[in-house]
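Here the structure comes first, spelled out in structure tokens, and everything after it is commentary.
The values are calculated or read from the model by the stated rules, or taken from the named source; none is laboratory data. Quick caveat: nothing in here was measured; it's all calculated off a predicted structure. Positions of Cβ are backbone-derived with ideal geometry, glycine not excepted, and every protein chain shown enters the neighbour counts. Quick note on the areas: whole protein, heavy atoms, side chains included, nothing else; ligands and nucleic acids left out. Shrake-Rupley method; radii C 1.70, N 1.55, O 1.52, S 1.80 Å.
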Amino acid sequence: MERATVGGGCFWCIEAAYKELEGIESVTSGYAGGHVEDPSYEAVCTGETGHAEVVQLEYDPDVIGYDEILEIFFTVHDPTQVDRQGPDVGTQYRSAIFTHDDEQRELATAFIEELEAEGVYDDEIATEVEPLETFYEAEAYHQDYFEKNPTDAYCRMHAAPKIDKVREQFTERVAESTQ
């Protein structure tokens, strides 16, 4: 198993999208990239801890590659928005890839450069790529949030469309148990 850690806005939405995929063994919502030890959700929401809301994926590289994880990441969020995703505004909602090793850093950087060269987005990609120093697991009520709250208005408006996008654009990758 290998790990990947990404942040693309609210972790509930990104978590729900990745949980659809074969080869993703676990998805854990949490915080990374800040300067406060073991932050709470409330502290992260102030924007003063420096943390981003992220998900940490544990995946089987024989089933899904890091490049595919990146492709999905850049499909389910807008990497051109600075410190926001949709209605969520603040540094905690920034687009970020927290790499676990030099290979991930090189792949992520090359992936972004390729997207920029191809002109995939009208605006410049704002995604930060930095080494993961520490991952803090979010509180229990944030884990599997969409699964536990499928009728929540925020989930219906923001997480459900990301799930639909994954199911439509990555059909061959969607786990049979989620179809």
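Some values worked out for this structure:
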| read-out | value |
| --- | --- |
| Percentage of interatomic Cα-Cα distances in segment 53-166 larger than 20 Å | 48 percent |
| Gyration tensor (alpha-carbon) shape descriptor, segment 69-126, a/c threshold 1.5 | oblate |
| Other-chain or far-sequence residues with amide H under 5 Å of residue 174's (modelled H) | 22 |
| Which of 91, 5, 46 is most accessible, then next, and so on - probe 1.4 Å | 46, 91, 5 |
| Relative contact order (%) - criterion: Cα under 8 Å, at least six apart; region: the chain | 33 percent |
| Proximal charge balance of residue 168 [Cβ under 13 Å; K/R count +1, D/E count -1] | +1 |
| Debye, to nearest 20: dipole size of segment 4-66, +1 on Lys, Arg Cβ, -1 on Asp, Glu Cβ | 180 debye |
| Dipole magnitude (debye, nearest 20) for segment 28-160, charges at Cβ of Lys, Arg, Asp, Glu | 640 debye |
| Tensor-based shape of segment 128-169 (alpha-carbon gyration tensor, a/c under 1.5 rounded, otherwise prolate or oblate) | oblate |
| Rounded accessible area of residue 162 (nearest 10 Å², 1.4 Å probe) | 40 Å² |
| Table column - 3J(HN,Hα) (Hz), segment 130-144, Karplus curve with 6.51, -1.76, 1.60, x for Gly and Pro | 8, x, 6, 8, 9, 10, 10, 5, 6, 4, 4, 5, 8, 6, 6 |
| Exposure of residue 100 as accessible area (Å², to 10), given a probe of 1.4 Å and all protein chains | 70 Å² |
